[in-house]
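Undergrad: Supplied in structure tokens, the structure appears directly below.
The values are calculated or read from the model by the stated rules, or taken from the named source; none is laboratory data. Everything quoted here is computed from the prediction, not taken from an experiment. Here the Cβ positions follow ideal geometry from the backbone for every residue, glycine too, while neighbour counts run over all protein chains shown.
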């Protein structure tokens, strides 16, 4: 039986702007397959709608996204969904084939397709944008962040070289990308802006209005001009080796999963959502309680 989407992603259009809103606030918008496939359907819907000129990606609640779902009651890694690529279903496959096939479809494949969507996209980021959350923000053409936003990829703690959509050295200077990964610490919105990863930083209460204002200005541009401009800039990244680099990093990512399972019996190296969240909290806050609040999952 195939799973369905329901309302884990909300969709609305107003004045040429489609807003796709992740809607699992109780889990800080941790991305299970249900949400990922719903996002894919929403991006496709917006791309096919001639009334839509710009797409905004947002998250309900305190955080944009705490990353991939590695521990909520809605984790659905063993379920089959109607596939969007030519990759075969991962369910029932043994060993490394299980995750390799799944992540080719739902992580690397979908993110690349969203990045190449011919309409401008804007990530509207508040609070945590962690690990898999980075992938969602990075596929967008622009990132507008609230002043309380932070970014991190702590998966090196699992022995894994960064998330599947490995764009770190393109979003950041390579030396800063190494620091970002080696330390696994939060990068606040202001520093992300200084590093060129974020386009604008605005007060939290202004985030939606500021993002809408930018989207509205873009929406006044001719559609084909926007499409060709996006293709031109994306092509420059491809000439710089972005796709080939990502393919290599994806292979190393899955070698790390296989190594972890051989050594410990756990593909994630013994980490779960709670431990990853605790690793992201400031030292003082880490002693307050053991509750995983999703700020790094």
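Undergrad: Hey, any hits in segment 274-292 for a residue that's farther than 22 Å from residue 103 by Cα, outside any helix (DSSP H, G or I) and modelled with pLDDT of 95 or more?
TA: no
Undergrad: For residues that are under 19 Å from residue 140 (Cβ atoms) and part of a loop (DSSP other than H, G, I, E, B), tally how many sit in segment 179-219.
TA: Residues meeting the conditions: 5.
Undergrad: Which residue, of 145, 123, 192, is under 18 Å from the mean Cα position of the chain (by Cα), farther than 26 Å from residue 16 by Cα and crowded, with 17+ Cβ neighbours inside 10 Å?
TA: None of the other options fit; the residue is 192.
Undergrad: Also, I was wondering about something else. Please state which one of 37, 11 is assigned to a helix (DSSP H, G or I) and at pLDDT 95 or above.
TA: Checking each option against the conditions leaves just 37.
Undergrad: Would segment 201-217 turn up any residue that is surrounded by 14 or more Cβ atoms within 10 Å (Cβ to Cβ), over 21 Å from residue 112 (Cβ atoms), in contact with a helix residue (DSSP H, G or I) (Cβ under 7 Å, 6 or more places away or on another chain) and at pLDDT 95 or above?
TA: yes
Undergrad: Also, I was wondering about something else. Do we find that residue 27 is out of contact with any helix residue (DSSP H, G or I) (no Cβ under 7 Å at 6 or more places or on another chain), buried (at least 20 other Cβ atoms within 10 Å of the Cβ) and modelled with pLDDT of 95 or more in this structure?
TA: So residue 27 fails the test.
Undergrad: While we're here: Has segment 127-134 got any residue that is within 23 Å of residue 231 (Cα to Cα) and surrounded by 22 or more Cβ atoms within 10 Å (Cβ to Cβ)?
TA: Looking through segment 127-134, at least one residue is within 23 Å of residue 231 (Cα to Cα) and surrounded by 22 or more Cβ atoms within 10 Å (Cβ to Cβ).
Undergrad: Return only the number of the condition from (1) surrounded by fewer than 23 Cβ atoms within 10 Å (Cβ to Cβ); (2) in a loop (DSSP other than H, G, I, E, B) that residue 103 does not satisfy.
TA: With (1) surrounded by fewer than 23 Cβ atoms within 10 Å (Cβ to Cβ); (2) in a loop (DSSP other than H, G, I, E, B) applied to residue 103, the lone miss is (2).
Undergrad: Here's a follow-up. Search segment 40-52 for residues being assigned to a loop (DSSP other than H, G, I, E, B) and touching a residue at least 12 places away in the same chain (Cβ under 8 Å), and hand back the single one that is surrounded by the most Cβ atoms within 10 Å (Cβ to Cβ).
TA: Checked segment 40-52; the qualifying residue surrounded by the most Cβ atoms within 10 Å (Cβ to Cβ) is 52.
Undergrad: Would you check which residues across segment 220-240 are closer than 19 Å to residue 167 by Cβ and in a helix (DSSP H, G or I) and list them?
TA: Matches in segment 220-240: 230, 231, 232, 233, 234, 235, 236, 237, 238, 239.
Undergrad: Among the residues of segment 245-273 satisfying the criterion of being at pLDDT below 75 and out of contact with any helix residue (DSSP H, G or I) (no Cβ under 7 Å at 6 or more places or on another chain), which is farthest from residue 135 (Cα to Cα)?
TA: This residue is 272.
Undergrad: Now, a different point. Filter segment 2-24 for residues that are over 17 Å from the mean Cα position of the chain (by Cα) and surrounded by fewer than 20 Cβ atoms within 10 Å (Cβ to Cβ) and give the result.
TA: Residues satisfying the conditions are 2, 3, 4, 5, 6, 7, 11, 12, 13, 14, 15, 16.
Undergrad: Ok, one more. Determine whether residue 232 is over 20 Å from residue 154 (Cβ atoms), surrounded by 15 or more Cβ atoms within 10 Å (Cβ to Cβ) and either in contact with a helix residue (DSSP H, G or I) (Cβ under 6 Å, 6 or more places away or on another chain) or modelled with pLDDT of 95 or more (or both).
TA: For residue 232, the condition - over 20 Å from residue 154 (Cβ atoms), surrounded by 15 or more Cβ atoms within 10 Å (Cβ to Cβ) and either in contact with a helix residue (DSSP H, G or I) (Cβ under 6 Å, 6 or more places away or on another chain) or modelled with pLDDT of 95 or more (or both) - is not met.
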